[in-house]
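Take a look at the structure set out below.
The values are calculated or read from the model by the stated rules, or taken from the named source; none is laboratory data. In this text the structure is predicted, and so the values were computed from the model without any measurement. No Cβ is skipped: glycine too gets one built from the backbone with ideal geometry, and neighbour counts run over all protein chains shown. Remember, those area values only see protein heavy atoms, side chains included, never the ligands or the DNA or RNA. Shrake-Rupley method; radii C 1.70, N 1.55, O 1.52, S 1.80 Å.
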Amino acid sequence: MMPGKVLRGGVAQPLAIALFSVALAGIATLVGLERQPRQYRIDPPVAAALDDLRLMPTGIGGAPPEVYFALDKPYETSAYDLSQGKRLYSWFGCANCHGDGRGGAGPSLLDGWWLYGPSTVAIAASIRNGRPHGMPAFRSKMTTDQIWQLAGYVRTMGAYSASLAAPSRNDDKHTRPAENRAPAAILFNEEPAPSPSERGPPS
Amino acid sequence: MIEDRKRPPLTDDGLDDSVLERHLSQTWSASPGFWGALATVDHKVIARRYIVTAFVFLILGGLLAVAMRIQLAWPEARFLDPDRYNQIFTTHGSTMMFLFAVPVMEAMAIYLVPLMVGTRNIAFPRLNAFSYWIILIGGLLLWISFALDAAPDVGWFAYVPLSGPEYGPGKRADIWAQMITFTELSALAVAVEIVVTVFKQRAPGMSLDRIPLLVWSMLVMAFIVIMAMPAIMFASSTLILDRLVETQFYNPAEGGDALLWQHVFWFFGHPEVYIIFLPAAGMVSTIVATFSRRPIFGYLPLVMAFIATGILAFGLWVHHMFVVGLPRLGESFFTASSMAIAVPAGIQIFCWLATLWLGRPVFTTPLLFVIGFIVTFVIGGLTGVMVASVPFDAQVHDTYFVVAHFHYVLVGGAVFPLLGAIYYWFPKMTGRMMSETLGRWAFGLIFLGFNLTFFPMHILGLQGMPRRVYTYQPELPWAGLNLFISLSALVLVSGFVIFFIDALRSWRSGKPAGPDPWSAGTLEWATASPPPAYNFRRIPVVEAREPLWSRSEGLAVTKGLQVDRRELIVSSVVEALPEARESSPRDSIWPFWAAIATSLMLIGSIFTPWAVVWGSIPIAVTLIGWFWPKGTVEDTS
Ligand code: HEM
Ligand SMILES: [Cu+2]
C-alpha cells in the first residue's frame, strides 16, 4: 500500500461530500434570499398602498392594489400570515356569527357559495367595509395588514384544494377538518345554505 | 460460482506475509472510482466520512454561535432580526446535539471498535453505510431549510404547543421533526452494529474483563441509544402526525396531553447527554492510561461506573421539568436521582486522577485536553448538582445560568475529550502526526476562550438574563458582561481555527507516524497507520488487557481464515472463544439507494401523507436489491 495513495483517497472523499453539501446549501441560500421574509411589522407606505382596494361600483368584486402583486400575493401564500389570520379570526370574534366557518347568524364561509365572490380582495373589502345585514366594518379595529391576513385565511378556509401553507388544527375541540385538509372540499353544499332572504348584496 | 465452490477455499494457513497481504487487500479493498466510493462498506472509510461531516456541522453550528454572540454583544443590536435569531438558536442547538455530538461519538466508535476488538469489519457493514447517508441527508435537510429562511424556530427541544399545529405555522417544525427522524434512524443502526461487533466479533481471548475501556463505554452508549431513541422516535412522529394529519396526541381539548411531549422528549433527552458523555469518558480513560504509562487505575470500578451511569441516565429526565408544576414527591425523587448520578461520575474522575498520580504522565496535547476536560467537567457537574435542587432551579430555569451549565458539560465533557481523541488517534487514521506546537496553542486558546466565554454566563443568569432572547434593553445591567463574553468567544473561535488548520495541514504533510507512535497498549496500534482495508494481517490472540504492553515479541495470531472471500471470526460473548468463521458482506451500492429512497419518503411526508404510501415502493425496491441473494456460499463453518 502506498501511503500517498491511501491519503489522497482519504481526503478526497470526505471533501467531495462536504463540497457537494456546501454547494447545495449555497444554492438554497440564493433561493432563500429571494423569498419573502417573515414580517412582524409592515412598512407604513406599503400598508397605505395595500389599503387602496379598487372595487366595482356595486362593491362586490374588484382588483387588489398593484402593490399586492408586487409583493407576490403574500397573504395567500405565506404560512405565517395565514396562521396570523387564523388567530385574528378567533380574537376578533368572527366565530360569534360565522361559527367554525360553517356559519351561524352569518353565512357559512366554506360551503362554496360566496355572496360577494371568491376573490381575496372581495373578502378583504367585506372585512374592512362591512356588508349589509349585520356584517360589521373592521376598518377602525384592525390594521390593513391584519385585514389582509384575515382575508387570506378566510379564503384558505373556503378553498377546494388545500395549499401547502394552510394552517393546521387548533388545540381546541375538533369540530371540522383543519384548513390544510381543505374543509370546503369536504363540506361543499350542492345548494347554498338555506339563508334568510335578507342576506346578500342589496338588489 | 459453481467452479468456485469446487476449488478448495484458500486460507491464510502457511501463506507468507506478502502473498497473504496481496490476497487480503484484493478481497477487502473497495473498487476504485466514484461508484466504488459510494458502495464501500469499509468501517474506516465510512467512519472517516462521518467524522469529517460531523466536524463540518460543528463549524456551521459554531458560525451560528458567533452570529448570536455578535447580536448579543451590545443592547438593542440590529444584526439579526428576532425571527432569524429564533431560527439560529434552534439550528445551533439541533446541529450541535443531533448532527455533531452524537454522530461524531458514533463515528469514533465505528472507526475504533472493530480495530480495538481485533476484527476486520464492523457487524452489518451495509447498514453502516446506509446510516451515514441517512445522517448526511438529515443534516442537509436542516441546513438547506436554514438557507431557505425556513429553519425550525422552536428551540432544540421543540416544546408543544409552540411547535404544535396551532402555534408553529409553515413547515419549520415539520422539518425539525423529520431531521430528528433521520438522526435517530442512523443512530439506532450504528448502535446495533456496535453491540453485535462487541459481543460477537472480539478477537479470541478478549474476554469481557479484557475489553478496552473505550469499547466498554461505546457498548454502554449503544445500549442507551437503543433504549432512548424509540422515545424520541415516538415524539417526532406523533408531533408531525398532529401537525399534518390532525391527530390529537398533544391537544388537551381532545384528550391529548401537552405535558406528554416533555416526558417523552426528556426521556430521550437526558440519556442523550450520556450518549455524548460516555464515549468521551472512554476516550479519556484510554488517553490517561497511555500517557501515564501505566494500566488504568480501577478498571472494574470504571466499567461499573459506565454501566451505572447508563442505567441511572434513565431515571433523571424530570429534572428538566421542575418548573412545570409536578407533584412534590416526584420532584424530590428526581432531585435525589439527579444528585446520585454524581457518584459514578465521581468514581470516574477519581480513577483518572489516581492513574495520573500513580503513573509518570507525559503532558502531550491529548493529555492536556484531558486535563482541560477534568477541570471543565467538574465545574459543569457542580452547577449540575445546583440546578438539580428544585428551589434553585426555579430561580435560574431558562436563564443564562443554564446555558452556562450545559455548555460546561457538553463542551467540557465531550468536545475537550474529543479534540484530545483526535490528536491521539489522528496518526492512526491518517498515518501522520498532528503538530505538537499548534496543538498546545489550540488547547490553550480553546481552554481559556471557553472559560472566559461561558463562566460569566453563570453571573448573567443569576442577574436574571433569560435565554433565547434576541436582545435586551440598555437599562438592564447586562451589557458589560455580554460584550466581554462576545469578545472572549473570539478567543475560543481562534483556538478552533488553529485546530482545523493543524488538522488539514497534518493530513497533507504531517510527520509520518508509524504503527504505534505513542507506545500504546490496545490492539488498534498493532497494525499499520492507516490500517489496511482488512485491518489485521492475521487476527491477533489476546492474552491481557493491554495486549501490546504485555508482550514484547509480537502478538500471537490465529490462522485458518479464508482469504479469497471476506471472512472474520465469530467468538463467544463472555470468554471470546472462537466459535465460527463467518462471511462479511461485500460492497454494495444498494444502501446508498435505499438511503435516497428513505429520504425521499421522509421529506415527502412533510408535504403530503401520500408520500408514505408511494414512497414505500422505492424503499421496497432498494431493500430487495440490498438483500438479493448472490448465490455465493454464505454459510459459516
Ligand atoms: C463554539 C462554542 C459555542 C458557543 C460560543 C455557543 C454559544 C451559544 C449561545 C449564545 C446559545 C444561545 C443562548 C440563547 O440565546 O438562549 C447557545 C445555545 C445552545 N448551545 Fe451552544 N455554543 C457553543 C458550542 C456548543 C456545543 C459544542 C454544543 C453541544 C455539543 C452546544 C449546544 C447548545 C444547545 C443545546 C443550545 C440551546 C439551544 C436552544 O436554546 O434551543 N453549543 N450556544
Ligand atoms: Cu438532564
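Per-structure values
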{"quantity": "The protein assembly as shown, dipole about Cα centre (Lys/Arg Cβ +1, Asp/Glu Cβ -1), debye to the nearest 20", "calculated": "1380"}
{"quantity": "Alpha-carbon centroids, the range B:371-419 and the range B:151-185: separation in whole Å", "calculated": "26"}
{"quantity": "Area accessible to solvent at A:TYR153, 1.4 Å probe radius, in Å²", "calculated": "0"}
{"quantity": "Length released on extending from B:LEU481 to B:ALA544, taking residue separation times 0.36 nm less the Cα-Cα span", "calculated": "17.3 nm"}
{"quantity": "Theoretical FRET efficiency, 1/(1+(r/R0)^6), r = Cβ-Cβ of B:TYR167 and B:MET339, R0 25 Å, to 0.05", "calculated": "0.10"}
{"quantity": "Equivalent ellipsoid dimensions for the range B:255-350 as semi-axes, Å, which come from the Cα gyration tensor, largest first", "calculated": "33, 14, 8"}
{"quantity": "Residues in the range B:460-503 that a label on B:THR437 would reach, taking backbone N under 19 Å of a point 7 Å out along Cα→Cβ", "calculated": "B:495-503"}
{"quantity": "Under 30 Å from A:LYS73, Cα to Cα: lysines that are on another chain or at least 8 residues apart", "calculated": "A:LYS86, A:LYS141, B:LYS171"}
{"quantity": "15 Å beta-carbon shell around B:MET108, net charge (K/R +1, D/E -1)", "calculated": "+1"}
{"quantity": "Over the range B:347-416: Kirkwood hydrodynamic radius from C-alpha pairwise inverse distances, Å", "calculated": "13.3"}
{"quantity": "Intensity falloff of the range B:164-223 expressed as log10 I(q)/I(0), Debye formula with alpha-carbon point scatterers, at q = 0.16, 0.25 Å⁻¹", "calculated": "-0.62, -0.98"}
{"quantity": "Computed FRET value (nearest 0.05) for B:ARG328 with B:VAL378, which takes r as the C-beta separation and R₀ as 30 Å", "calculated": "0.45"}
{"quantity": "D (Stokes-Einstein, µm²/s), Kirkwood Cα radius, the protein assembly as shown, 0.890 mPa s at 25 °C", "calculated": "83"}
{"quantity": "Distance (nanometres) between label positions extended 7 Å along Cα→Cβ at B:LYS511 and B:VAL621", "calculated": "5.5"}
{"quantity": "With DNA, RNA and ligands ignored, accessible area of B:GLU21 (1.4 Å probe; Å², nearest 10)", "calculated": "70"}
{"quantity": "Rounded to the nearest 10 Å², the accessible area of B:MET386 at probe 1.4 Å", "calculated": "80"}
{"quantity": "Distance (nanometres) between label positions extended 7 Å along Cα→Cβ at A:ALA70 and A:CYS97", "calculated": "3.3"}
{"quantity": "Radius, Kirkwood style, for the range B:326-451 when every pair of distinct Cα atoms is counted (Å)", "calculated": "16.4"}
{"quantity": "Partners for B:LYS511 among lysines (Cα-Cα distance below 27 Å; same-chain residues under 8 apart left out)", "calculated": "A:LYS5, B:LYS44, B:LYS428"}
{"quantity": "Cβ-derived FRET efficiency at R0 51 Å, B:VAL574 paired with B:ALA611, nearest 0.05", "calculated": "0.65"}
